[in-house]
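**Q** Take this structure first; my questions come after.
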There are 2 protein chains.
Amino acid sequence: MSLMSNLSTSMISSSSSAFLAPTSFNSSRSQSVSVPVKSIKICKCVATPQEQQQTGLKMVLCGLFVCFEAYKTKVSRNSNIAKLQAGYLFPEVARRRAAHLLKYPNAQVISLGIGDTTEPIPDVITSAMAKRSQALSTLEGYSGYGAEQGEKALRVALASTFYSNLGIEEDDIFVSDGAKCDISRLQVVFGSNVTMAVQDPSYPAYVDSSVIMGQTGQFQKDVEKYANIEYMRCTPENGFFPDLSTVARTDIIFFCSPNNPTGAAATREQLTRLVQFAKDNGSIIVYDSAYAIYMSDDNPRSIFEIPGAKEVAIETASFSKYAGFTGVRLGWTIVPKQLLFSDGFPVAKDFNRIVCTCFNGASNIAQAGGLACLSPEGLEAMQEVIGFYKENTKIIVETFNSLGFKVYGGKNAPYVWVHFPGRNSWDVFSEILEKTHIVTTPGSGFGPGGEGFIRVSAFGHRENVLEACRRFKQLYN
Amino acid sequence: MSLMSNLSTSMISSSSSAFLAPTSFNSSRSQSVSVPVKSIKICKCVATPQEQQQTGLKMVLCGLFVCFEAYKTKVSRNSNIAKLQAGYLFPEVARRRAAHLLKYPNAQVISLGIGDTTEPIPDVITSAMAKRSQALSTLEGYSGYGAEQGEKALRVALASTFYSNLGIEEDDIFVSDGAKCDISRLQVVFGSNVTMAVQDPSYPAYVDSSVIMGQTGQFQKDVEKYANIEYMRCTPENGFFPDLSTVARTDIIFFCSPNNPTGAAATREQLTRLVQFAKDNGSIIVYDSAYAIYMSDDNPRSIFEIPGAKEVAIETASFSKYAGFTGVRLGWTIVPKQLLFSDGFPVAKDFNRIVCTCFNGASNIAQAGGLACLSPEGLEAMQEVIGFYKENTKIIVETFNSLGFKVYGGKNAPYVWVHFPGRNSWDVFSEILEKTHIVTTPGSGFGPGGEGFIRVSAFGHRENVLEACRRFKQLYN
């Protein structure tokens, strides 16, 4: 019995067992576990039928071997999810960072990789969340289920703070637990029978969620692309704005500006062309403006600054990079009433249905924080932290410039896009990690158009950014 | 120009315009707006081509009329979402409540409908959340992106508090923003090519999310069911446990115990049969245990108390009804490593991929609250609030019993399932609302098997529950 349990545990935890043919247990969890014939006796004498059932292992005699087969359901794995390549990019970066730390337990690793905020949230905002938390223990302050679309006061404040004079009303705004989550909810709204385009490179959630929903074909290794996705190449040569004359019509166009990872912000003229392109094609733009607050140029902060955009565009946004809410979780999405499917049905009505059925609103405490962000003191405090990250960006840009690299982004986004012409991004990522203990993000993780680049995030404590730049200089001088 | 804007606004806000043929603007947003021919002159003299483009209205001459057509994209509406009937149940109940308040602005409406918690959260829990909120403004206390699967300390505490000795490990547990959200994420994992069964009646999110993912056929009005869903009828006659000998094999079996809405809790023997049924069929059970803490009987609190369940079951759970977290948003889902698709691939790996790609973890503040819930003081405080709601339940049960109704549930769940034989649930709902200003939930909203019942929720302040019971007695005595 104890041996049998041992066997079962080994398989489950993917850890090796010193006792029973360890090598056969190191294989993936998804494999059946084969035990060489010499183990038969051991197994036979410890396993009773009842135990077999409980551990889920079935003994099967096959030729010279006794195989222990785990119980499998008869439910087929979702073939769309099976198309996904490796892990989602950022957990994969985190995995390599963890492996590096195992190799160099004493390394002073600096993370300029995942784009995670590092500076404390201004007190005016955290105090509002603390107050709301505490109030939940009182009769007057308690609140249960809120509106799935978000608290009215927050929706009103978002409309007046970011979309004043743009014709976006409070009820066009859906408050959420973050832009990434909303992107997936939008994909659920669109379903599997739509085609989509993305900037290449771009934030990987667009492509991955499209694959998951079944909008794409298989991954094509030779071109590093999924079939049935239109990759709109964005390069230094085209100023990181796609040549729309070569872009095929798709139902959905994901467009991120300021762009993650290139840092490029589209101009008013470019966005006007994009909106016209969508209108001519009857496409819907999903415009990701998560970094709009980092813009230094006089480019549009919202797609809705472009006339006519309300009929062809959705906009997602987030407090994550505005107020350090990456852990608090709060974002919003705008689906204008004017946006209609081909049969005239408003997209907002279906999005609302999905929000009500698949989601239950953002945390009321986080929403109190969001409201505080939009107070005059909150806005000022937010801008201060953003100014700090923008100084980081400048330091990183100057460092790579001084080393002779071609550097893009940085001016309108907290990301610096560094060119390593002719080199493999993951190789550069590994070289930097191995030699400087700095985590970056390989450009190819954002699509084939990112090959030869790395993304350096400007989120970090000042001393870490300065130390990272010293190490970059040592490595590449 | 101003007239054209006026026209546009009228259409957008669905409000009526006194100026331009008001009746034509009162139609659904999704309709094209038709303006009678007498309006031609007005429109012609105010609209320039550019303005037409901006407002999205196109003038089309068709026979005797000039029609203003709203711009439509060429993106087809998701045909699965189009299958959904009316709104999601609870927003529909809320809509009727709001309409009632418009009709009776001074009515003292009591809500025993939506199942929303009403009592303050114990201070030991809110203090932990306030502390975590405030700490986010400090260098030491700040945290950004957390693990998508939840903070390790919380996962460890969940495993030891609720699944001790059941073989559920910390890494089998995924912390989330709530069970409803996890149900949808699970559906995304399963995809469109699975079949599913539900208890009838049951919590509507199972069926609705199945429809959205394309697992079902059209709604069949004659039987009030979607095609391709197996409805497992649960009635007083079968003790609210389905006759499995008549249930067709499906890939997925949603099973909620204690059940929402009937309040019935399955016994150990029943759950053993259910697990065996799943095993024989190679099905996956999605076991919703959101109300387990309300159980008075000695029935299993977790499906994993049943031997072998780890190979065929997933369990969702939530802090919503445990700790009044309906607004704070925190839940968890267990996907055991032992649960495998037919090709041997672990379901947990795909769920993890969806959690990482479509979600970014629950709010760190909510997680601090969850951890406090599981401290000895937190558990004790939680039980006290739950005891209070259970007293409410008893009062409601006794009231309906005294009125001669057949009443089910109440003992193991905060819901009382009251039988009105031969009557239409929505009629009973309306009668109660109209005559007593009490909001309940119509049984048929949970499936055709709920017809003839209403669900009365025991969440409420004591004085409201007592007052509601007085009104029930007035109405039905």
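**Q** Any residue in the stretch A:300-307 that is farther than 27 Å from B:Ala70 by Cβ, modelled with pLDDT of 95 or more and open to solvent by 10 Å² or more (accessible area, probe 1.4 Å)? Spell out how you get there, then give the answer.
**A** Step one: of the stretch A:300-307, the residues farther than 27 Å from B:Ala70 by Cβ are none.
Checked against the condition, which is being farther than 27 Å from B:Ala70 by Cβ, modelled with pLDDT of 95 or more and open to solvent by 10 Å² or more (accessible area, probe 1.4 Å), the stretch A:300-307 yields no hits at all.
**Q** Another one. Pairs under 7 Å by beta carbon, first residue within 11 Å of chain B (Cβ to nearest Cβ) in the stretch A:361-383, partner aliphatic (A, V, I, L, M) and open to solvent by 10 Å² or more (accessible area, probe 1.4 Å), six or more apart or different chains?
**A** Within 7 Å, the pairs are A:Gly361/A:Ala147; A:Ala368/A:Ala128; A:Gly369/A:Ala128; A:Ala372/A:Val124; A:Ala372/A:Ala128; A:Ala381/A:Val124.
**Q** Quick check: anything in the stretch A:265-272 over 26 Å from A:Gly115 (Cα atoms) and either among the acidic types (Asp, Glu) or within 14 Å of chain B (Cβ to nearest Cβ) (or both)?
**A** Applying the first criterion (over 26 Å from A:Gly115 (Cα atoms)) to the stretch A:265-272 yields A:268-270, A:272.
Still in the list and also either among the acidic types (Asp, Glu) or within 14 Å of chain B (Cβ to nearest Cβ) (or both): A:269, A:272.
Yes, the stretch A:265-272 contains at least one residue that is over 26 Å from A:Gly115 (Cα atoms) and either among the acidic types (Asp, Glu) or within 14 Å of chain B (Cβ to nearest Cβ) (or both).
Condition check ((1) outside the structural domain of A:Val211 (by TED's automatic domain parsing); (2) touching a residue at least 24 places away in the same chain (Cβ under 8 Å); (3) open to solvent by less than 10 Å² (accessible area, probe 1.4 Å); (4) among the acidic types (Asp, Glu)) across all residues:
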{"site": "A:Ala99", "(1), (2), (3), (4)": "yes, no, no, no"}
{"site": "A:Pro105", "(1), (2), (3), (4)": "yes, no, no, no"}
{"site": "A:Glu148", "(1), (2), (3), (4)": "no, yes, no, yes"}
{"site": "A:Ala153", "(1), (2), (3), (4)": "no, yes, no, no"}
{"site": "A:Gly178", "(1), (2), (3), (4)": "no, yes, yes, no"}
{"site": "A:Arg185", "(1), (2), (3), (4)": "no, yes, no, no"}
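**Q** Name the residues in the stretch B:299-338 that are over 22 Å from A:Gly178 (Cα atoms), of a type outside the set (Gly, Ala, Ser), assigned to a loop (DSSP other than H, G, I, E, B) and within 7 Å of chain A (Cβ to nearest Cβ), would you?
**A** Selection gives B:Pro307, B:Val312, B:Lys337, B:Gln338.
**Q** What tally of residues in the stretch B:91-106 results from selecting those that are at pLDDT 85 or above and within 14 Å of another protein chain (Cβ to nearest Cβ)?
**A** Residues of the stretch B:91-106 that are at pLDDT 85 or above, as a first pass: B:92-106.
Filter once more, so that each one left must be within 14 Å of another protein chain (Cβ to nearest Cβ): B:92-95, B:97-98.
Result for the stretch B:91-106: 6.
**Q** Still on this structure, I have one more. Testing A:Asp116 on (1) in a helix (DSSP H, G or I); (2) within 29 Å of A:Glu384 (Cβ to Cβ); (3) of a type in the set (D, E, K, R), one condition comes back false. Which one is that?
**A** Looking at each condition in turn, A:Asp116 falls short on (1).
**Q** Go through (1) under 21 Å from A:Ala86 (Cβ atoms); (2) touching a strand residue (DSSP E or B) at 6+ places or on another chain (Cβ under 7 Å) for A:Gly450 and report which single condition fails.
**A** Of everything listed in (1) under 21 Å from A:Ala86 (Cβ atoms); (2) touching a strand residue (DSSP E or B) at 6+ places or on another chain (Cβ under 7 Å), A:Gly450 misses just condition (2).
**Q** Looking for whichever is touching a His at 6+ places or on another chain (Cβ under 7 Å) and over 19 Å from A:Ala98 (Cα atoms) here; the options are A:Phe453, A:Phe459, A:Phe446, A:Phe472. Which one fits?
**A** The unique qualifying residue is A:Phe453.
**Q** Determine which single condition A:Ala205 fails, assuming it passes every other condition in (1) closer than 28 Å to A:Lys406 by Cβ; (2) more than 14 Å from chain B (Cβ to nearest Cβ).
**A** Condition not satisfied by A:Ala205: (2).
**Q** Go through the stretch B:110-126 and report how many residues are open to solvent by less than 40 Å² (accessible area, probe 1.4 Å) and at the interface with another protein chain (Cβ under 8 Å from one of its Cβ atoms). Before the answer, list the steps.
**A** From the stretch B:110-126, those open to solvent by less than 40 Å² (accessible area, probe 1.4 Å) are B:110, B:112-113, B:115-122, B:125-126; that's our starting set.
Now restrict to residues that are at the interface with another protein chain (Cβ under 8 Å from one of its Cβ atoms): B:116-122, B:125-126.
The qualifying residues number 9.
The values are calculated or read from the model by the stated rules, or taken from the named source; none is laboratory data. Remember, it's a predicted structure, so these values are computed and weren't measured experimentally. Methodologically, a virtual Cβ is constructed for each residue, glycine included, from the backbone with ideal geometry; neighbour enumeration extends over all protein chains shown. Just the protein is used for accessible areas: all its heavy atoms, side chains included, with ligands, DNA and RNA removed. Shrake-Rupley method; radii C 1.70, N 1.55, O 1.52, S 1.80 Å.
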